[in-house]
Amino acid sequence: MLQLTKKLNEEIELNKKIFKRRHGELVEYGNEIQLLHYDSKSFLEGSKTCAELDKSCNLLVLKSQGSKSVCFIIEPRYKYRNEGQKVTYGDVVTFRNIKNNMYMHISDREVIGVSVPTLDQILPPGCKFLNIVSRKIDKRSPPHLFAPSYEINCSQTRSKFTVRPYRWFEDEGAENIIKGGQIVRLQHSESSGYICSDDQDFTDDGLAEVFLWNFKGKSNDIESVSTQSLFELEIVTEIDESLGQNA
């Protein structure tokens with residue numbers, strides 16, 4: 001057991017060194033890459049067990065530490081791109097897992113009648129999502145209530161993915177920069193009150209009511225934070241690529 005633990009720690013340290021050494025390199029077709037969920041610091045891992053819904057496929061999970069199972073080969077979906085060429089914006093690509101030699105795949109069957117887990121339920125133990133509203137005060141409807149959900153897994157059938165930038169690696173650590181998709185509160189500088197929106201229409205104009213809310217207690221009290229004062233920042237662009245971009 002001690003030897004296995006030592007080997008695991010050595011593999012984790014080696015993975016961190018590779019991350020630092022290759023940080024900022026241009027990705028080429030045929031490269032071995034790891035898919036890291038930025039806010040939870042979890043890796044996407046291909047498993048050898050069956051998927052939960054589509055039993056003909058293998059399970060795809062989040063893993064807190066890097067290993068051979070989280071390594072994917074990025075390949076071009078169409079023949080006009082070749083191995084060794086740089087992956088560019090808008091390219092259509094596929095991801096092949098090295099461990100099980102299967103491709104990342106989106107199932108054709110819509111998830112119906114199955115409870116869709118939230119992000120905090122599928123994260124590995126000890127991982128925390130850094131840019132999310134606490135479930136205790138978040139009253140927004142989950143996405144699966146108004147958009148179809150599909151299982152993502154590993155299969156011999158290839159699903160195509162389009163490369164789009166979400167967050168520039170140069171901005172890593174720039175905590176003072178507000179980005180699209182983040183949750184913000186708008187405070188009035190003179191009265192110290194927060195702008196709030198109520199879903200009830202008191203004036204019968206078909207619009208949600210907006211008002212200024214002042215909390216008389218201490219600023220660190222739980223009651224000082226209301227979901228009515230939380231707004232998700234959207235950047236108005238011609239195409240929907242505002243998430244993660246600098247505001």
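Odds and ends about this structure:
- Estimated FRET transfer efficiency (Arg77, Lys7; beta-carbon r; R0 30 Å; 0.05): 0.25
- Cα-projected label distance for Leu36 with Glu234, points at 7 Å along beta-carbon direction, nm: 3.1 nm
- Scanning residues 5 or more positions from Cys71 or on other chains, those with amide H under 5 Å from its amide H are Ile98, Lys99, with H placed 1.01 Å from N in the peptide plane.
- Taking other C-beta atoms within 10 angstrom as a stand-in for reagent exposure, Met102, Met1 fall in the order Met1, Met102, fewest first.
- Extension gain for Phe215 to Gln65 (0.36 nm times residue separation, less C-alpha to C-alpha distance): 49.8 nm.
Only the coordinates and a few stated rules stand behind these numbers; no lab work does. Since the structure is predicted, the reported quantities are computational estimates derived from the model, not experimental observations. Note that we place each Cβ from the backbone using ideal geometry, even for glycine, and neighbour counts take in every protein chain shown.
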